[in-house]
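K.L.:
If you scroll down you'll find the structure; I have some questions about it.
The values are calculated or read from the model by the stated rules, or taken from the named source; none is laboratory data. Bear in mind the structure is a predicted one, so any value in this text is a computation, not a measurement. Note that each Cβ is placed from the backbone with ideal geometry, even for glycine, and that neighbours are counted across all protein chains shown. Ligands, DNA and RNA are excluded from the accessible area calculation, which covers all protein heavy atoms including side chains. Shrake-Rupley method; radii C 1.70, N 1.55, O 1.52, S 1.80 Å.
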Amino acid sequence: MLQQTRVDTVIPYFEAFTRRWPTLEAFASATEQDVTEAWAGLGYYRRARNLHAAAKAAVARGGLPADVAALRELPGIGPYTAGAIASIAFGLPAPAVDGNVERVLSRWAARRGDPSTPSGRRAITEVVSTLQPTDRAGDFNQALMDLGATVCTPKNPKCAVCPWATQCESHRLGVVHEIPETVKKAPPKPEREACGVMFVEGQVLLARRHRSLRLGGLWEPPSTPVADGEDPATQLSILFSRDLSLPVEIGASLGSVVHVFTHRRLTLHVFEVLPAASHECAAVCGRYDAWRVGGTHGLSKLAQKALSLAHPTD
Ligand code: SF4
């Protein structure tokens with residue numbers, strides 16, 4: 001849950017998950033749809049599916065293995081997660097190199113080059129391996145992560161209070177602000193979609209995205225991609241009348257919301273949709289596999305943003 005996500009966002013999700021599924025076995029026996037809906041709003045939904053698949057695979061093997069190589073065989077578990085579980089849960093000496101550790105060790109060793117590339121990460125992993133004690137390996141990994149999160153921060157590292165300052169090569173050389181040398185990532189690609197908010201007896205019509213799609217298994221007001229040069233309202237009208245077999249009138253624009261995914265920046269144009277005689281749609285249309293009216297569970301963050309335009313809070 002904590003990958004790419006802030007601690008204060010994660011805490012209520014972590015507590016709800018562990019209350020609902022207090023054991024590995026209980027979590028493994030949940031349905032994928034229940035897990036996806038409980039994850040709704042955390043983003044990066046592939047992590048939820050991988051976590052669930054890993055729990056099922058671990059239970060099938062008799063429990064979580066206390067071994068880095070065996071942990072790596074579970075779905076979604078890469079070197080960082082395997083190292084974190086092995087060292088923190090089982091006390092094994094295994095490096096766990098995240099973005100914080102990359103930055104701290106690059107500076108500590110005054111290592112040039114981008115530490116987030118495969119070769120950079122390998123080099124940092126080797127440095128951690130040489131420093132890591134055989135006992136309290138998990139505490140060592142967590143101390144490095146905490147040092148990066150609270151002292152050796154990206155912009156203004158607090159070298160004056162750093163417990164490692166006397167051994168830090170970048171500090172000694174006065175090059176702290178030149179390291180790490182990270183390569184600028186390409187900006188996210190712009191994309192457009194249109195969605196229609198239709199009320200049925202005061203409740204909004206929601207569709208569940210097919211599991212093969214981005215945000216699969218989550219609920220939203222029906223939406224459709226809009227290519228360059230296409231008109232959002234026209235595309236929405238085509239979605240409702242042709243794909244959903246639901247002839248409606250596209251009403252006023254409610255505005256637009258922007259949502260940034262890992263590599264894409266989506267602008268969602270939100271429209272009011274005037275109720276048709278019936279909301280009985282084609283149950284399955286490729287894009288959606290279920291329908292409901294009202295309710296708030298299982299809504300993606302993007303859908304929540306779109307619906308906030310239809311339910312102004314001020
Ligand atoms: S001395 Fe400064 S640069 Fe070096 S590890 Fe500490 S905070 Fe980071």
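Conditions (1) within 26 Å of residue 185 (Cα to Cα); (2) at pLDDT 90 or above; (3) open to solvent by less than 40 Å² (accessible area, probe 1.4 Å), marked per residue:
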{"position": "258", "(1), (2), (3)": "yes, yes, no"}
{"position": "264", "(1), (2), (3)": "yes, yes, no"}
{"position": "267", "(1), (2), (3)": "yes, yes, yes"}
{"position": "270", "(1), (2), (3)": "no, yes, yes"}
{"position": "274", "(1), (2), (3)": "no, no, no"}
{"position": "277", "(1), (2), (3)": "no, no, no"}
{"position": "283", "(1), (2), (3)": "no, no, no"}
{"position": "290", "(1), (2), (3)": "no, no, yes"}
{"position": "296", "(1), (2), (3)": "no, no, no"}
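K.L.:
Give me the pairs: first residue in region 169-193 and among the small types (Gly, Ala, Ser), second residue within 10 Å of the ligand (Cβ to nearest atom) and part of a helix (DSSP H, G or I), beta-carbon distance under 6 Å, and six or more apart or on different chains, which are they?
P.N.:
From residues that are among the small types (Gly, Ala, Ser), the pairs are 170/107; 170/176.
K.L.:
Sticking with this one: Any chance region 74-82 includes a residue that's over 30 Å from residue 181 (Cα atoms) and modelled with pLDDT of 95 or more?
P.N.:
Yes, that holds for at least one residue.
K.L.:
Checking the condition touching a residue at least 24 places away in the same chain (Cβ under 8 Å), in contact with a Gly (Cβ under 8 Å, 6 or more places away or on another chain) and not β-branched (Val, Ile, Thr), which residue from 254, 215, 236, 246 passes?
P.N.:
236
K.L.:
If a residue has to be more than 23 Å from residue 263 (Cβ to Cβ) and not in a loop (DSSP other than H, G, I, E, B) to count, how many in region 54-80 make the cut?
P.N.:
Summing the residues that are more than 23 Å from residue 263 (Cβ to Cβ) and not in a loop (DSSP other than H, G, I, E, B) in region 54-80 gives 12.
K.L.:
Residue 187: in contact with a Phe, Trp or Tyr (Cβ under 8 Å, 6 or more places away or on another chain), part of a loop (DSSP other than H, G, I, E, B) and open to solvent by 40 Å² or more (accessible area, probe 1.4 Å), yes or no?
P.N.:
Answer is no for this residue.
K.L.:
Also, quick follow-up: Select from region 108-130 the residues that are of a type in the set (A, V, I, L, M, F, W, C), out of contact with any Asp or Glu (no Cβ under 9 Å at 6 or more places or on another chain) and more than 14 Å from residue 141 (Cβ to Cβ) and list them in ascending order.
P.N.:
123
K.L.:
Can you name every residue in region 240-256 that is surrounded by 15 or more Cβ atoms within 10 Å (Cβ to Cβ), modelled with pLDDT under 85 and assigned to a loop (DSSP other than H, G, I, E, B)?
P.N.:
Passing the criteria: 244, 246.
K.L.:
Quickly run through region 113-135 and pick out the residues that are of a type in the set (S, T, N, Q) and surrounded by 14 or more Cβ atoms within 10 Å (Cβ to Cβ).
P.N.:
116, 125, 132, listed by residue number.
K.L.:
Of all the residues that make up region 76-111, how many are open to solvent by less than 10 Å² (accessible area, probe 1.4 Å), under 22 Å from the mean Cα position of the chain (by Cα) and closer than 18 Å to residue 58 by Cβ?
P.N.:
Qualifying residue count, region 76-111: 2.
K.L.:
Tell me the helices (runs of 4 or more DSSP H) entirely within region 94-179 that contain at least 2 residues that are more than 8 Å from the ligand (Cβ to nearest atom), of a type in the set (Ser, Thr, Tyr) and closer than 15 Å to residue 84 by Cα.
P.N.:
Counting at least 2 such residues, we get 118-131.
K.L.:
I'm trying to understand the selection: among the residues of region 198-239, which are assigned to a strand (DSSP E or B) and open to solvent by less than 30 Å² (accessible area, probe 1.4 Å)?
P.N.:
If the condition is that a residue be assigned to a strand (DSSP E or B) and open to solvent by less than 30 Å² (accessible area, probe 1.4 Å), then 198, 200, 204, 205, 206, 207, 209, 219, 220, 223, 224 are the ones that fit.
K.L.:
So which residues in region 25-37 are surrounded by fewer than 19 Cβ atoms within 10 Å (Cβ to Cβ) and aliphatic (A, V, I, L, M)?
P.N.:
Matches in region 25-37: 26, 28, 30.
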